[in-house]
Amino acid sequence: MQNRKVGLIIALSSCLACFLLFVILIVNLIGGIGRSSISHQSSSLLEDLIDVLSIEGGIGETTSSMFATSYYDHQFIINSLSTLIDDPSSKGLIVFIDSPGGSVYHTDEIYLKLLEYKSTGRPVYASFGSTAASGGYYIGCAADKIICNRNTLTGSIGVIMQNIIDISGLYEKLGIKVETITAGENKAMGSGYEPLTDEQRTILQSMLDETHTQFIEVVSEGRNLSLEEARKLADGRIYTAKQALENGLVDQLGNFEDTVTIMRESQDLMDLPLNYIEQAPLSFFDTLLLKLPNLTPKTELSAILELESNINKFGYYCISPLGNSSY
């Protein structure tokens with residue numbers, strides 16, 4: 001009887017998933033999926049502007065939640081910066097950052113784009129929201145000035161490698177034996193089927209140390225600190241706004257409106273209006289499409305297989321654990 005109930009639940013879930021997929025396809029055929037759009041117009045149609053770009057949430061690939069209409073779209077941010085770099089009507093850029101950080105690759109890509117914009121001789125100012133830590137702070141180091149809200153948590157200058165999971169004990173309990181054939185003794189490093197060796201830990205630590213050194217150099221250059229000064233601040237700790245100011249990690253305390261005023265006055269841009277670079281929100285059906293694979297119930301076997309599929313997908317992250325609860 002219990003098995004029949006489980007089978008009925010799975011069947012109903014599958015029917016619901018198929019129905020939702022059908023509805024999504026119909027909606028997309030009629031209206032198309034919502035796309036990111038850059039609101040900035042060419043200088044021939046619009047006067048000179050101060051542009052505002054927000055970077056919020058975990059930095060990485062596009063993310064969303066089931067019912068939220070906001071999401072992080074990395075390609076939108078990169079495309080927006082590329083557009084502004086080539087647009088002479090953009091006379092300055094304010095980057096609003098409210099992020100605990102994220103992927104090293106994506107963080108550095110944004111940082112380099114901001115430097116490219118700055119290399120044209122136009123100013124970049126950063127305004128920190130509630131959290132601008134780790135990768136969020138990394139991006140801020142590209143700015144000419146950092147204005148930090150008095151309640152911002154920032155710093156966390158460090159690197160972490162996650163998702164190194166050893167499931168060999170679980171497999172042993174289940175009576176599953178996994179054999180991996182490699183050419184190169186460290187090829188299966190972090191596979192999850194056997195514990196890391198001391199040599200493998202040394203290899204992974206060397207990778208993190210190299211990335212951490214890059215982070216320290218970014219802080220040193222962006223904040224006009226010596227490498228030794230930056231290194232002392234780069235133990236991964238979180239700083240309050242006041243502590244960050246005292247240590248030279250930010251320029252002054254203030255909110256977003258203060259940042260606008262400071263840029264206008266210091267850069268002789270008093271008469272220029274703000275232009276908010278915005279992206280089209282995901283529709284409800286787009287969000288369902290992103291989450292559709294998660295609508296079916298999980299069995300023990302499917303959960304184990306999902307865990308196995310994520311093994312060896314570790315990477316470097318400039319992310320503050322303190323910020324994980326915010327998204």
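What does the extension gain come out to for Y105 and Y276, with contour length at 0.36 nm per residue minus their alpha carbon separation? If you can, show how the numbers build up before the last one.
On the way: separation 171, 0.36 × 171 = 61.56 nm, distance 2.55 nm.
Separation in residues times 0.36 nm, less the Cα-Cα distance, equals 59.0 nm.
Modelled label-to-label distance, L227 and N247, 7 Å Cα→beta-carbon offset: nm?
In this crude spin-label approximation the distance works out to 2.0 nm.
For the stretch 93-221, list log₁₀ I(q)/I(0) at each q in 0.21 Å⁻¹, using the Debye formula over Cα point scatterers of equal strength and ignoring solvent, two decimals each.
Rounded to two decimals, the profile gives -1.14.
Stick to the Cα atoms of the stretch 86-159, pair each with every other, and give me the Kirkwood hydrodynamic radius in Å at one decimal. Each step should come with its number before you reach the end.
On the way: mean 1/r = 0.0807 Å⁻¹.
About 12.4 Å, per the Kirkwood formula over Cα pairs.
Grab the Cα-Cα distance for S119 and R150, subtract it from 0.36 nm times how many residues apart they are, and report the gain in nm with one decimal. Let's see the in-between values first.
On the way: separation 31, 0.36 × 31 = 11.16 nm, distance 2.97 nm.
Stretched fully, the S119-R150 segment lengthens by 8.2 nm.
Along Cα→Cβ, 7 Å out, is where each label goes; now give me the distance between the ones at Q75 and Y171 in nm to one decimal.
3.5
Specify which residue in the list G158, Q200, A143 is farthest towards the positive end of the charge dipole of the stretch 132-243, using unit charges on the beta carbon of Lys, Arg (+1) and Asp, Glu (-1), about the Cα centre.
A143
Where a number appears in this text, it was derived from the coordinates with a stated rule and is not lab data. In this text the structure is predicted, and so the values were computed from the model without any measurement. Methodologically, a virtual Cβ is constructed for each residue, glycine included, from the backbone with ideal geometry; neighbour enumeration extends over all protein chains shown.
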